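Since the structure comes first, as structure tokens, the remarks are kept for the end.
The values are calculated or read from the model by the stated rules, or taken from the named source; none is laboratory data. Computed from a prediction, not measured in an experiment: that's the story for all the values here. Here the Cβ positions follow ideal geometry from the backbone for every residue, glycine too, while neighbour counts run over all protein chains shown. Note: areas computed on protein heavy atoms with side chains; ligands, DNA, RNA excluded. Shrake-Rupley method; radii C 1.70, N 1.55, O 1.52, S 1.80 Å.
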Amino acid sequence: MHTTPAPGRPLAVRGGLTVPYVTAWSGERDVSSAGLVIADGRLRYHVEGPEDRDRRGGLWERWSGDYGDGQPSWGKVAPERHRTAMEHLLCQICAHPASQTKLGVLFLARVRATVGELERRIIGEPPLCLGCAITAREQCPQLRRACTAMRVRKCAPWGVGGTAYVSRPGHQSAPRLVVADATVQLAYGHPMLRYVLGKQLLRELRRVTVVDLDEEVARGLAAAAPPSAGTEPA
């Protein structure tokens, strides 16, 4: 069974790059297939534990291994850590609580977009704290090419991204599981979600405000700075 590292644990650095909390490692493996069946009108494991489903009923991949096992698999996420970050609105890099102001939680989109284009967008990227947002923009080639920082007042869980399965006759007429679609995104409540094995928790963005990331960081630093010597507190 995959053991998720405690949020906020020290992060690894490889090749001068910080390895985000949600990044998968080469020593981690998807071990879901050995226990999957379609029974009782849904995809399930032969024996399920409380960690196999989220509180809305979505079934999730099982992985072995842990953060730091092997080498970073850049661009690939570990489903359990990704789910933890999205479920609890933790920073995808350091796993501390994401930055939040009266304008909402901080997210980065890997495109240049307007509020109208971002409103009601379905996103699979967890949020960030201010410091790690700068790290993400510096390290990620996609974000270096195009980046929109935004604050989101409402970002309710929307659904699951994952793999859809069907049951088909196999040898000697025994049913077997077959991947029907490896790239589905379905909302909670969709009738076909019961056949999906989750990889990513998705949220819907509402009440979006586009912000300037550098200005946000400058304000955060100013707010955190101690008062100058000789300055009376307000």
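Computed from Cα positions, the angle between helix 130-139 and the longest principal axis of the chain comes to roughly 70 degrees.
Helix 213-224 and the longest principal axis of the Cα set of the chain meet at an angle near 60°. When nucleic acids and ligands are ignored and a 1.4 Å probe is applied, Asp69 ends up with an accessible area of around 60 Å².
The candidate values are [x] 20.2; [y] 18.1; [z] 19.4; the one derived from this structure for Kirkwood radius over Cα pairs in Å carries the label [z].
Per-residue Karplus couplings for the range 23-30, computed as 6.51 cos²θ - 1.76 cosθ + 1.60 with θ equal to phi - 60°, are listed in order as 5, 7, 10, 4, x, 8, 9, 6 Hz, Gly and Pro entered as x. Ranked from largest to smallest solvent-accessible area, with a 1.4 Å probe on the protein heavy atoms, Trp60, Trp74, Trp158 come out as Trp74, Trp158, Trp60.
Taking amide H as placed 1.01 Å from N in the peptide plane, the amide H of Lys199 sits under 5 Å from that of Gly161, Gly162, Thr163, each at least 5 places away or on another chain. Scalar couplings 3J(HN,Hα) for the range 116-125, obtained by applying the Karplus form with A = 6.51, B = -1.76, C = 1.60 to θ = phi - 60°, are x, 6, 8, 4, 6, 5, 8, 10, x, 8 Hz; x denotes Gly and Pro. Annotation: the range 98-217 has a Kirkwood hydrodynamic radius of 16.1 angstrom, from the mean reciprocal C-alpha pair distance. Distant-in-sequence amide contacts of Ser73, defined by a placed amide H-H separation under 5 Å and a gap of 5 or more residues or a different chain, comprise Ala24, Trp25, Ser26. Close amide H partners of Leu43, meaning residues 5 or more places away or on another chain with modelled amide H under 5 Å apart, are Tyr195, Val196.
To the nearest 10, the accessible area of Leu36 is 20 Å² with a 1.4 Å probe. Sorting the segments 80-92, 142-154 by their mean number of nearby beta carbons within 10 angstrom, highest to lowest, gives 80-92, 142-154. Computed from phi, the 3J(HN,Hα) profile of the range 31-37 under the Karplus parametrisation 6.51, -1.76, 1.60 (θ = phi - 60°) reads 10, 5, 4, 4, x, 7, 9 Hz, with x in place of Gly and Pro. Helical content of the chain, expressed as a calculated mean residue ellipticity at 222 nm, amounts to -5000 deg cm²/dmol (DSSP H runs of 4 or more residues, -39,500 (n - 2.57) each, divided by residue number, nearest 500).
Using only Cα atoms and rounding to the nearest 10 degrees, what angle (0 to 90) does helix 79-88 make with the longest principal axis of the chain? Roughly 50 degrees, rounded to the nearest 10. By a 1.4 Å probe calculation restricted to protein chains, Tyr67 has an accessible surface near 20 Å², given to the nearest 10. What you get for the chain, charging only the Cβ of Lys and Arg (+1) and of Asp and Glu (-1), is a dipole of about 580 debye around the Cα centre. Principal axis extents of the C-alpha atoms in the range 71-157 (largest first, rounded to whole Å): 39, 29, 23.
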